[in-house]
Amino acid sequence: MALISMKFIMVALLATVILTTLCNAGKVYTGGYLYPQFYDHSCPKASEIVNSIVAKAVTKEPRMAASLLRLHFHDCFVKGCDASVLLDSSGTIISEKRSNPNRNSARGFEVIDEIKSALEKECPNTVSCADILALAARDSTVLAGGPSWEVPLGRRDSLGASISGSNHNIPAPNDTLPTIITKFKLKGLDLVDLVALSGSHTIGQSRCTSFRQRLYNQTGNGLPDFTLNQVYANELRQRCPRSGGDQNLFPLDFVSPTKFDNHYYINIVAGNGLLSSDEILLTKNSVTMELVKQYAVNNGLFFDHFAKSMVKMGNIAPLTGSKGEIRKICRRVNH
Ligand code: HEM
C-alpha cells in the first residue's frame, strides 16, 4: 500500500514538473520575443511605408539618416526599445528630449511623426512607434550605403519616459572607456557591440561642445588631447573656439560624412577620431584596439558585426504581449 502511494506521489510530482516546464515554455513562445514577420498579416505594407518616408527625408537631407539611426540608440538605452525617447512632456511625463544627450541634439522627430500618421491611415492602432524607430534605423543605414538586416518586430510603446535614465545610461563623449563599457554591459552589449555600433559615427555631425575639451583642456591641466592628430586639431579650433560656437557642427567622419563605410575606423587609427569616446577605443583597451584596427582594414567584417549588433541593441528590454500600448501619436501616450 505504502509502495503504491509512494509511486503515485512520484508520478504526480513528475507530471507537475513536466506541466510547469511546458507552461513556462509556452510563456516564452507567446509574445515574449520579437520576429520580423510580426506585421505580415496585420499591416503587410508597414515596412514599405516606413522605407518610402525615410528615403524621402534622407534625399531631402542626407544627415537625417544619421539622426534617425541615433534615435533608435537613444531609445533602446533608456528603459529598453519602447519609444520613450519620442514622448513630449505632459502631465507627469518629463520628456527625455530635455536630457543632456538629447537637448539641442536629438533630431528626426518630425520624420517619425510623418511615418506614424501614414501607418495610422493604413492600419490603425497596429504598428508601434518603437518598431518604427527600429525600421527607420535599418533603412537609414542602408540608404547611407551600409549593411542591411532583418528587423525583429513586435515591440510596444511605453507609458512613460525617464529623463534620469537618459542622462545616466547613454554614454557621454567624455566618459572614460571603463564607464562606456559598463554602460553597454548593463544593456547586455559586449566589446564587439561597442566598437561595431560606434561605427555609426561614420555618418552624422557633432556640435563643438561635444569635443571642445579635447582641443584645449583634456584632463584639466590646460593641455589638449595629444592622441588627437594635431593638424586636425588646429582645423577644428578654427570653428570651435575656447568659448562660443557651441552649436557649430562638424562631421563625425570628415572623409565621407554621409557615406556609411569604415572610414570612421581608418580615421581613428590616424588620430582623426572626433570624439574622445571614439579615439579611446584605440588607445585605452587592447581588445577594442584590435577591433578598431580590424574594421579599418576589413569593411565586410565591420558591416557583418554592425548588423548583428544592431539586432542585439534592438532587442533590449522590449515591451511585448499586453505590456505598454500602441500609441496613436508617437509624442504622447493614448490616455
Ligand atoms: C559609444 C558611446 C557613444 C557616445 C559617447 C556617443 C556620443 C555621441 C555624440 C556626443 C554625438 C554628437 C551629438 C551632438 O554634438 O549633438 C553623437 C552623434 C551620433 N551618434 Fe553617437 N555616441 C555613442 C554611440 C553611438 C551608437 C551606439 C550609435 C548608434 C547605434 C550612435 C549614433 C550616432 C549618430 C548616427 C550620430 C550623428 C547624429 C546626427 O548627425 O544627427 N552613437 N554621438
Item to complete: For residues that are part of a loop (DSSP other than H, G, I, E, B) and over 20 Å from the mean Cα position of the chain (by Cα), scanning just the stretch 105-142, find the one that is nearest to ASN334 (Cα to Cα).
Response: ASN125
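Does HIS335 qualify as being modelled with pLDDT under 95 and under 30 Å from TYR39 (Cβ atoms)?
Against the criterion (modelled with pLDDT under 95 and under 30 Å from TYR39 (Cβ atoms)), HIS335 qualifies.
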Worksheet item: Among the residues of the stretch 153-188, which ones are more than 9 Å from the ligand (Cβ to nearest atom), part of a loop (DSSP other than H, G, I, E, B) and of a type in the set (S, T, N, Q)?
Response: SER158, SER162, THR176
Practice prompt. Collect the residues in the stretch 311-335 that are under 17 Å from HIS74 (Cα atoms), out of contact with any Cys (no Cβ under 8 Å at 6 or more places or on another chain) and of a type outside the set (Lys, Arg), keeping them in residue-number order.
Written response: VAL311, LEU319
Fill in: Unmet requirement for GLN37, which otherwise passes all of (1) under 23 Å from ALA317 (Cα atoms); (2) within 16 Å of the ligand (Cβ to nearest atom); (3) surrounded by fewer than 20 Cβ atoms within 10 Å (Cβ to Cβ)
(2)
Discussion item. Out of everything in the stretch 189-222 that is near the ligand (Cβ under 8 Å from one of its atoms) and part of a loop (DSSP other than H, G, I, E, B), what residue ends up being surrounded by the most Cβ atoms within 10 Å (Cβ to Cβ)?
Written reply: ILE203
Worksheet item: Among the helices (runs of 4 or more DSSP H) confined wholly to the stretch 239-335, which include 2 or more residues that are surrounded by fewer than 19 Cβ atoms within 10 Å (Cβ to Cβ) and of a type outside the set (Phe, Trp, Tyr)?
Response: 286-297, 299-314
Worksheet, complete the sentence: Of the candidates PRO147, PRO101, the one satisfying the condition of being touching an Asp or Glu at 6+ places or on another chain (Cβ under 8 Å), in a loop (DSSP other than H, G, I, E, B) and not aliphatic (A, V, I, L, M) is PRO147
Worksheet, complete the sentence: Restricting the stretch 62-84 to residues that are within 15 Å of the ligand (Cβ to nearest atom) and of a type in the set (Lys, Arg), the one surrounded by the most Cβ atoms within 10 Å (Cβ to Cβ) turns out to be ARG70
Discussion item. Could you list, ordered by first residue, the pairs with Cβ atoms under 7 Å in which the first is in the stretch 241-255 and under 17 Å from VAL269 (Cβ atoms) and outside the structural domain of ASN102 (by TED's automatic domain parsing) and the second is within 15 Å of the ligand (Cβ to nearest atom) and assigned to a strand (DSSP E or B), at least 6 apart or interchain?
Written reply: LEU252/GLN205; LEU252/SER206
Worksheet item: Looking at the stretch 85-95, is at least one residue within 13 Å of the ligand (Cβ to nearest atom) and not aliphatic (A, V, I, L, M)?
Response: no
Response to the item:
For the stretch 179-188, the count of residues that are surrounded by fewer than 20 Cβ atoms within 10 Å (Cβ to Cβ), closer than 19 Å to VAL292 by Cβ and in contact (Cβ under 8 Å) with a residue 24 or more places away in the chain equals 1
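The values are calculated or read from the model by the stated rules, or taken from the named source; none is laboratory data. Note that the coordinates shown come from a computational prediction; the quantities given were computed from them, not determined experimentally. With ideal geometry, Cβ positions are generated from the backbone for all residues, glycine too; neighbour counts draw on all protein chains shown.
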